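What follows is a short report on a single structure.
The values are calculated or read from the model by the stated rules, or taken from the named source; none is laboratory data. Remember, it's a predicted structure, so these values are computed and weren't measured experimentally. Don't worry about glycine lacking a Cβ; one is built from the backbone with ideal geometry, like all the others, and counts go over all protein chains shown. These accessible areas exclude ligands, DNA and RNA; they are computed on the full protein's heavy atoms, side chains included. Shrake-Rupley method; radii C 1.70, N 1.55, O 1.52, S 1.80 Å.
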Amino acid sequence: MPGFNANQPVNVVPPSAEELERRRMVGINAETVTAVTSTDFPHHYPYEDHSWNLSKFADNLKIQFHTNAQHDASFSLIGVDASIANAFRRILIAEIPTLAIETAYVFNNTSVIQDEVLAARLGLVPLKGSKAGLNWLRWYKKPTEDEPEASVPSDYNTVVLGLDVECTWHEKGKERAKRGETDPKRLYVNSSVYAHQLEFQPTGQQVQYFKDEPIVPVNPDILLAKMRPGQEIKIEMHCVKGLGGDHAKFSPVATASYRLLPTINITSPIVGADARKFARCFPKGVIGLEPVTAEEASTANSGYEGHEGEVKAVVKDPMKDTVSRECLRHEEFKNKVKLGRVRDHFIFRIESTGQWDSDELFLESVKVLKLKCQRMRRGLDEIMR
């Protein structure tokens, strides 16, 4: 470039707060989405240093909990890149170990459900027990052609559950049947087989670790099978630790998702009937209606002149918005509202299947990601030697 000198000092004006806020926004338009790419990396903006800095990252990182029940948590993770947030989501789904039924030894099954179907249903039953005991259990390595005896089932790596139920007539079931009774629960014993009938059979040190909190189904009322008199199910089940990446039954979450925080910017006043219509374009609680004050009505160029006492539209809780873009369809709101999403504000929702509490799961995902980074660092160190 003629006249350009790389060594010549440049007067750099730092970006304003408005500009920095604009860079955080993903634009939501009627038909398109704009500014979806991250720009906070070196050399994107001339003469601005965006190299990664630990202290700056720590200052910007925030975690805000919205709900924190045992099996359901919602929180905001603020100040990270989408790749980091998505790494946590994938780890939550596939890389936190849990205990599940892996092998079912069917000794007798005369119910109408086939052995393989019943085994699949048993494998999907979420289990829970002592956290100390679950952490104490070791991995069970399946035998392969190269290692036919890779692992031997023991109290260190295998938990045994039993199911032994037989359907019989109720004590007075036959008499009731003659009088026209049709309720199976009144006619038969064990007409329905539920998860609470799975019996934990501890061995070795499992007696000590699971003394106070034995291995039981999270939901005792999961229906496994239905039977009638003369039918019987007798199964021994072996439970092992596994990862959701190998099978969904090992996934510790029912749902692990995130979404970006919606933003709604009302650029021009919306009052009266338009304000009510504007509020109906959003889910309940997103837009509120407030009266125009005398001060606003008397302020020049406020847009509220002559509207004292009428209702105006204000943004109450953008987090409840689903970003349907319904308001952008109406001509009366054209150029009066801007929709967007904050690119580094992730609203997580975690629903635990019960073996871990929902807030513990996120901490476990942080530990897993940390171990991955440590392994990668060791590998890089070895390469550089």
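Which residue, of G285, G272, G245, is touching a strand residue (DSSP E or B) at 6+ places or on another chain (Cβ under 8 Å) and not basic (K, R)?
Only one candidate qualifies: G272.
Within region 54-75, work out how many residues are touching a His at 6+ places or on another chain (Cβ under 6 Å) and more than 19 Å from D357 (Cβ to Cβ).
0
Looking at I222, is it touching a Cys at 6+ places or on another chain (Cβ under 8 Å) and either among the acidic types (D, E) or within 27 Å of I93 (Cβ to Cβ) (or both)?
No, not satisfied.
Only one of these conditions is not met by A273: (1) open to solvent by 40 Å² or more (accessible area, probe 1.4 Å); (2) in contact with a helix residue (DSSP H, G or I) (Cβ under 9 Å, 6 or more places away or on another chain). Which number is it?
Of (1) open to solvent by 40 Å² or more (accessible area, probe 1.4 Å); (2) in contact with a helix residue (DSSP H, G or I) (Cβ under 9 Å, 6 or more places away or on another chain), only one is false for A273: (2).
When you go through D321, D246 one by one, which is the residue that is closer than 30 Å to E351 by Cβ and without any contact (Cβ under 8 Å) to a residue 24 or more places away in the chain?
Being closer than 30 Å to E351 by Cβ and without any contact (Cβ under 8 Å) to a residue 24 or more places away in the chain holds for just one of D321, D246, which is D246.
Can you name the residue in region 349-376 that is of a type in the set (S, T, Y) and either part of a helix (DSSP H, G or I) or touching an Asp or Glu at 6+ places or on another chain (Cβ under 9 Å) (or both) and is also surrounded by the most Cβ atoms within 10 Å (Cβ to Cβ) among such residues?
Here is the first cut: in region 349-376, the residues of a type in the set (S, T, Y) are 352-353, 358, 365.
In the following step, the residues that additionally are either part of a helix (DSSP H, G or I) or touching an Asp or Glu at 6+ places or on another chain (Cβ under 9 Å) (or both) were identified as 352, 358, 365.
Working: S352: 25, S358: 27, S365: 23.
By that ranking, first place goes to S358.
Find the residue count for region 116-130, including only residues that are open to solvent by 70 Å² or more (accessible area, probe 1.4 Å) and either farther than 18 Å from V160 by Cα or among the charged types (D, E, K, R) (or both).
Of the residues in region 116-130, 3 are open to solvent by 70 Å² or more (accessible area, probe 1.4 Å) and either farther than 18 Å from V160 by Cα or among the charged types (D, E, K, R) (or both).
Please state which of the following conditions H247 fails to meet, knowing it meets all the rest: (1) open to solvent by 70 Å² or more (accessible area, probe 1.4 Å); (2) more than 28 Å from the chain's Cα centre (by Cα).
(2)
Quick test of your reading of the structure: A279 fulfils all but one of (1) surrounded by 13 or more Cβ atoms within 10 Å (Cβ to Cβ); (2) outside any loop (DSSP other than H, G, I, E, B); (3) without any contact (Cβ under 8 Å) to a residue 12 or more places away in the chain. Name the failing condition by number.
Every listed condition holds for A279 apart from (3).
Filter region 156-172 down to the residues that are part of a strand (DSSP E or B) and within 30 Å of the chain's Cα centre (by Cα) and list them by number.
Residues satisfying the conditions are V159, V160, L161.
Has region 135-154 got any residue that is of a type in the set (S, T, Y) and either outside any loop (DSSP other than H, G, I, E, B) or at pLDDT 90 or above (or both)?
Taking region 135-154 first, the residues of a type in the set (S, T, Y) are 140, 144, 151, 154.
After this cut, where a residue has to be either outside any loop (DSSP other than H, G, I, E, B) or at pLDDT 90 or above (or both) as well, the list is none.
Checked against the condition, which is being of a type in the set (S, T, Y) and either outside any loop (DSSP other than H, G, I, E, B) or at pLDDT 90 or above (or both), region 135-154 yields no hits at all.
So which residues in region 330-348 are farther than 23 Å from E290 by Cα, touching a helix residue (DSSP H, G or I) at 6+ places or on another chain (Cβ under 9 Å) and either open to solvent by 20 Å² or more (accessible area, probe 1.4 Å) or among the small types (G, A, S) (or both)?
Of everything in region 330-348, those that are farther than 23 Å from E290 by Cα, touching a helix residue (DSSP H, G or I) at 6+ places or on another chain (Cβ under 9 Å) and either open to solvent by 20 Å² or more (accessible area, probe 1.4 Å) or among the small types (G, A, S) (or both) turn out to be R343, D344.
Out of I215, I222, report the one residue that is in contact (Cβ under 8 Å) with a residue 40 or more places away in the chain, of a type in the set (A, V, I, L, M) and open to solvent by less than 10 Å² (accessible area, probe 1.4 Å).
The unique qualifying residue is I215.
In this structure, does L289 turn out to be of a type in the set (A, V, I, L, M, F, W, C), in contact (Cβ under 8 Å) with a residue 24 or more places away in the chain and open to solvent by 60 Å² or more (accessible area, probe 1.4 Å)?
Yes; evaluated as a whole, the condition is true for this residue.
Could you tell me how many of the residues in region 294-329 are more than 13 Å from I264 (Cα to Cα) and surrounded by fewer than 14 Cβ atoms within 10 Å (Cβ to Cβ)?
Residues flagged as more than 13 Å from I264 (Cα to Cα) and surrounded by fewer than 14 Cβ atoms within 10 Å (Cβ to Cβ) within region 294-329 amount to 10.
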